[in-house]
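K.L.:
Submitted below is the structure of interest, expressed as structure tokens.
The values are calculated or read from the model by the stated rules, or taken from the named source; none is laboratory data. Note that the structure is predicted; figures quoted are calculated from it, not measured. As a convention, Cβ positions derive from the backbone with ideal geometry for all residues, glycine included, and neighbour counts pool all protein chains shown. For accessibility, only protein heavy atoms count, side chains too; no ligands or nucleic acids. Shrake-Rupley method; radii C 1.70, N 1.55, O 1.52, S 1.80 Å.
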Number of protein chains: 2
Amino acid sequence: MGATKTDHFTDNQNELAVLAKALGHPARIAIMEYLLKVDTCICGDIVNELPLSQPTVSQHLKELKSAGLIKGSIDGNSICYCINEPGLEKIKGFFEHISAHLEKKRNECC
Amino acid sequence: MGATKTDHFTDNQNELAVLAKALGHPARIAIMEYLLKVDTCICGDIVNELPLSQPTVSQHLKELKSAGLIKGSIDGNSICYCINEPGLEKIKGFFEHISAHLEKKRNECC
DNA sequence: TATATATATTGCAATATTACGATATTGTTT
DNA sequence: AAACAATATCGTAATATTGCAATATATATA
């Protein structure tokens, strides 16, 4: 036990869970907000923006990347990170889907 | 180590992370989808919909509830669960915020 | 009141996550 | 080539999560 039983759920459910989980840490929310705040893709610099060590930040970036929420491309000595739109749109779509449904059946229960 | 350093992040970042983390498991995505699929709040029945034991489902429901994504009210012998709109709107807002920003600066980088 | 039904809590084992020091890697600059 | 800079990986300790059997709690019904 201790391992998530991904086999028992649909691919879509697992994908959404992976995306949500990737954002389930304040440092990773902070990274997304920072990538949004700066006007262009940001090269370097991310470590200095967070109250965590360089290896820890590197690990968080790796998780965001493997979840498909950001992308990074090598630029000489440093790496440029950007928000990856498809990943973001997918999870945003999930919430909009729920929200639209709730709209329709408002006041029908509770 | 091993504990998230919540102190170093803003309240907003921590709140968003809590919401996202609550959805970071396929069983909890499945619960949300099921609550949405049925036409009214659902009383009982959730355990039978999931490939997990009753204690495990109860625990997942508790996590969704404490994160503010669902609410439950006692109805005699069973409990009626519903999606909690404020929690949902908060995290949905985060994604819409990002999406709106990306729209503006499309093609400016990457 | 006794029994059944629905949900929650406890306790515990297996696994995952978080964090960071030390070190490796890769590209840049002198 | 040597020294420097930025980022990644390894190893490991502390903590959290997942899952379930066993048990508890609370309401319903016979």
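K.L.:
Is it the case, given these coordinates, that residue A:21 is among the charged types (D, E, K, R) and surrounded by fewer than 17 Cβ atoms within 10 Å (Cβ to Cβ)? Let's see the steps before the verdict.
P.N.:
On the way: among the charged types (D, E, K, R): yes; surrounded by fewer than 17 Cβ atoms within 10 Å (Cβ to Cβ): no.
For residue A:21, the condition - among the charged types (D, E, K, R) and surrounded by fewer than 17 Cβ atoms within 10 Å (Cβ to Cβ) - is not met.
K.L.:
Another question, then. Does residue A:13 satisfy the criteria of being closer than 21 Å to residue B:95 by Cβ, of a type outside the set (Lys, Arg) and either outside any loop (DSSP other than H, G, I, E, B) or touching a residue at least 24 places away in the same chain (Cβ under 8 Å) (or both)?
P.N.:
Details: closer than 21 Å to residue B:95 by Cβ: yes; of a type outside the set (Lys, Arg): yes; either outside any loop (DSSP other than H, G, I, E, B) or touching a residue at least 24 places away in the same chain (Cβ under 8 Å) (or both): yes.
Against the criterion (closer than 21 Å to residue B:95 by Cβ, of a type outside the set (Lys, Arg) and either outside any loop (DSSP other than H, G, I, E, B) or touching a residue at least 24 places away in the same chain (Cβ under 8 Å) (or both)), residue A:13 qualifies.
K.L.:
Quick one: count up the residues across the stretch A:13-46 that are more than 16 Å from the chain's Cα centre (by Cα) and either near DNA strand D (Cβ under 9 Å from one of its atoms) or among the polar types (S, T, N, Q) (or both).
P.N.:
5
K.L.:
Does residue B:76 meet the test of being within 14 Å of DNA strand C (Cβ to nearest atom) and in contact with a Gly (Cβ under 8 Å, 6 or more places away or on another chain)? Break it down stepwise before answering.
P.N.:
On the way: within 14 Å of DNA strand C (Cβ to nearest atom): yes; in contact with a Gly (Cβ under 8 Å, 6 or more places away or on another chain): no.
Spelling it out, it is not the case that residue B:76 is within 14 Å of DNA strand C (Cβ to nearest atom) and in contact with a Gly (Cβ under 8 Å, 6 or more places away or on another chain).
K.L.:
Looking at the stretch B:36-52, can you tell me whether even one residue there is open to solvent by 60 Å² or more (accessible area, probe 1.4 Å), of a type in the set (Val, Ile, Thr) and either out of contact with any Cys (no Cβ under 6 Å at 6 or more places or on another chain) or farther than 30 Å from residue A:72 by Cα (or both)?
P.N.:
First, pick out the residues of the stretch B:36-52 that are open to solvent by 60 Å² or more (accessible area, probe 1.4 Å): B:37, B:39-40, B:45, B:48-49.
Filter again for of a type in the set (Val, Ile, Thr), leaving B:40.
Still in the running and either out of contact with any Cys (no Cβ under 6 Å at 6 or more places or on another chain) or farther than 30 Å from residue A:72 by Cα (or both): B:40.
Yes, the stretch B:36-52 contains at least one residue that is open to solvent by 60 Å² or more (accessible area, probe 1.4 Å), of a type in the set (Val, Ile, Thr) and either out of contact with any Cys (no Cβ under 6 Å at 6 or more places or on another chain) or farther than 30 Å from residue A:72 by Cα (or both).
K.L.:
What number goes with the only condition from (1) in a helix (DSSP H, G or I); (2) open to solvent by less than 20 Å² (accessible area, probe 1.4 Å) that residue A:82 does not pass?
P.N.:
(1)
K.L.:
Need pairs with beta-carbon distance below 9 Å; first residue near DNA strand D (Cβ under 6 Å from one of its atoms) and within the stretch A:47-66, second among the aromatic types (Phe, Trp, Tyr) and outside any helix (DSSP H, G or I); sequence gap 6+ or separate chains.
P.N.:
A:61/A:81
K.L.:
For residue A:76, work out the one condition from (1) surrounded by 20 or more Cβ atoms within 10 Å (Cβ to Cβ); (2) free of Cβ contacts under 8 Å to residues at least 24 places away in the same chain; (3) over 27 Å from residue B:3 (Cα atoms) it doesn't fulfil.
P.N.:
Every listed condition holds for residue A:76 apart from (1).
K.L.:
So which residues in the stretch A:16-58 are charged (D, E, K, R), more than 7 Å from every other protein chain (Cβ to nearest Cβ) and part of a loop (DSSP other than H, G, I, E, B), if there are any at all?
P.N.:
Hit for the stretch A:16-58 is A:45, nothing else.
K.L.:
Condition first: in contact with a helix residue (DSSP H, G or I) (Cβ under 6 Å, 6 or more places away or on another chain) and either surrounded by fewer than 18 Cβ atoms within 10 Å (Cβ to Cβ) or more than 16 Å from residue A:103 (Cα to Cα) (or both). Now tell me which residues in the stretch B:86-99 satisfy that.
P.N.:
Across the stretch B:86-99, the qualifying residues are B:91, B:94, B:95, B:98, B:99.
K.L.:
Against the condition more than 7 Å from chain B (Cβ to nearest Cβ) and under 21 Å from residue B:25 (Cα atoms), how does residue A:71 come out, does it pass?
P.N.:
Values: more than 7 Å from chain B (Cβ to nearest Cβ): yes; under 21 Å from residue B:25 (Cα atoms): no.
The answer is no for residue A:71.
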